[in-house]
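Participant: This is the structure, below, for whatever I ask next.
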Amino acid sequence: MKHLWSPWRMEYIQDHTRASGCIFCEAWAGGEDERSLLVHRGQGAFVILNRFPYTSGHLMIVPVTHLPTLALTQAALTVLRQVYRPQAFNVGANIGELAGAGIADHVHLHVVPRWAGDTNFMATLAETRVLPEALDETYRRLRAAWPEPKAP
Ligand SMILES: [Zn+2]
């Protein structure tokens, strides 16, 4: 297990806990874009800098609506919970080939169910995998469990 030492994260956690409401909703409603580091107001979503970046340019794309997850992602989590009963998920994107994107020209979110004792996330996305179920069986189970209508 590798650990990255990042003491500034504690400052972030404490700041966030102290805030009266949601930092994203406050930034959107506040109208002080430069102070909030809100870079761009789009339709339905906005772009805001992470105040405690992992790298330069670390930004976040945030839906205007205060939701814990994205709608289709939420549906996927619901179906996966129902079918596989995972204990947690990794949800994320690799943007560009250098970052590990297999299909770099069409952005996509990975949703990876996790169980205690399974391989770590990097191993999950690496070349070697051990899967206990054939893909067509996984397809059949998820397709059958997906709520109607099939389209978002
Ligand atoms: Zn919010």
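The values are calculated or read from the model by the stated rules, or taken from the named source; none is laboratory data. Remember, predicted model here, so these are calculated numbers, not experimental data. We work out accessible area using only protein heavy atoms, side chains counted, and drop any ligands, DNA or RNA first. Shrake-Rupley method; radii C 1.70, N 1.55, O 1.52, S 1.80 Å.
Participant: Can you list the helices (runs of 4 or more DSSP H) lying wholly within segment 1-61 that have 2 or more residues being modelled with pLDDT of 85 or more and open to solvent by less than 100 Å² (accessible area, probe 1.4 Å)? Before you say what the answer is, go through the steps one by one.
Facilitator: Working: elements: 8-18, 23-30, 33-36.
Correct list: 23-30, 33-36.
Participant: Does at least one position in segment 73-95 carry a residue that is of a type outside the set (S, T, N, Q), farther than 26 Å from ARG41 by Cα and part of a loop (DSSP other than H, G, I, E, B)? It would help to see each step written out before you state the result.
Facilitator: Initial filter on segment 73-95 (of a type outside the set (S, T, N, Q)): 75-77, 79-81, 83-86, 88-89, 91-93, 95.
The next check asks that each one be farther than 26 Å from ARG41 by Cα; those that pass are 75-77, 79-81, 83-86, 88-89.
Then drop every residue that is not part of a loop (DSSP other than H, G, I, E, B), which leaves 85-86.
Yes, because at least one residue in segment 73-95 is of a type outside the set (S, T, N, Q), farther than 26 Å from ARG41 by Cα and part of a loop (DSSP other than H, G, I, E, B).
Participant: Additional query: Of all the residues that make up segment 116-135, how many are modelled with pLDDT of 85 or more and open to solvent by 100 Å² or more (accessible area, probe 1.4 Å)?
Facilitator: 1
Participant: For THR78, state whether it is at pLDDT below 80 and farther than 30 Å from GLY31 by Cα.
Facilitator: Working: at pLDDT below 80: no; farther than 30 Å from GLY31 by Cα: yes.
Here the answer is no, as THR78 does not meet what is asked.
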